[in-house]
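Quick notes on the structure that follows.
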Amino acid sequence: MIRSESTTEIPVHLLFRDAARQLPPPVGPRRATREHDPEDRSSPPVISAHPSAPEPEPDLVERPARVLPGALGVLVGSGSLAGAAVTAWWLSRSALSTPSSTWGGAAAWAICGAWLLPALLGFGGLVRSHAGRARVLCLFGRYRGTVRRTGLLWVNPLLRRRRVDVRLRHWRGAPMPAADASGVPLRTVLLVVWRVRDTARALWSVTDHEAYVRACVEAALIRVPLEAAGEARDVAGSLTRLVAEEAATVGLEVFSVRPVRVEYAPEVAAAMRRRRIAALDARERASVLASVVDAVQDTVNRLTARGLVDFDDRERTALVRELTVAFCAGRSDGPH
């Protein structure tokens, strides 16, 4: 019967066709590359993933803006207002003393109004810049530079000025989910010290800087395991390095990411507490047993060394048993 049966070869890719179709779709930005025959519909396309960090735009880099001292704007504005006042006074006296034509009076008042244009430019471009705050200048949506100088300055009045806080910031959020090396869920509170380093990238790359830092910290917690009573220095170094690499692409500088409090999640806190108590109890029992064995051995050796008694194997075993029971009873009845 076996000889009459015939066997047929089955292609290998047909065996795993259904399993390949049931695979979940890939997560994240991936580029699909077809590496199979378009006429062969049985084999699925091969998808190759090339994860990479976002690269900043090369043209969007902070550079100093062209500004002038504010005293120059005050001087030009004050001189223009003085010239406009003198011209208006002269025109008023001329109109009262001698009658003039309509066109001559209009031209004279136009000259008076022309004095106001330098005044508007002089006073309209004055900017008072404080320490710890920068101003990003842009013209019709194009980046024109950043002002980090302090004091009274003059900039082009046509430029749009946007304030950016470049001071050192401390962020301490709510407890965030984490895990240890064994996968036990934890809750941790982190202290992040950061600031805006590149105002151009930070202003146009991210809308909410604090939310972006929080997202970077959550992503780093997935990759770095924590310990409820572990080495905080090593964990802080790893978290700081990962978050700083992600935040540097958008113009943010992260100095430290340090766990302030690490504790077990509420759903496993009771079980881990019982586990820790059991471990401490087992450790205490092991230490008590070791001390009892050492005491029994020391007692038997002293009796034998001084020649007080001569034991055979049976008697030695019985004595060891009785001493062990006596010492253990004494340890259990003693104060804890």
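Each value in this text was obtained by applying a stated rule to the coordinates, not by laboratory testing. Model, not experiment: these values are computed from the prediction. Note: ideal-geometry Cβ built from the backbone for every residue, glycine included; neighbour counts use all protein chains shown.
For the listed peptides 183-194, 63-74, a ranking on the average number of other beta carbons within 10 Å per residue, highest first, reads 183-194, 63-74. Using a simple spin-label model with pseudo-atoms 7 Å out from Cα toward Cβ, residue 241 and residue 111 lie 7.5 nm apart.
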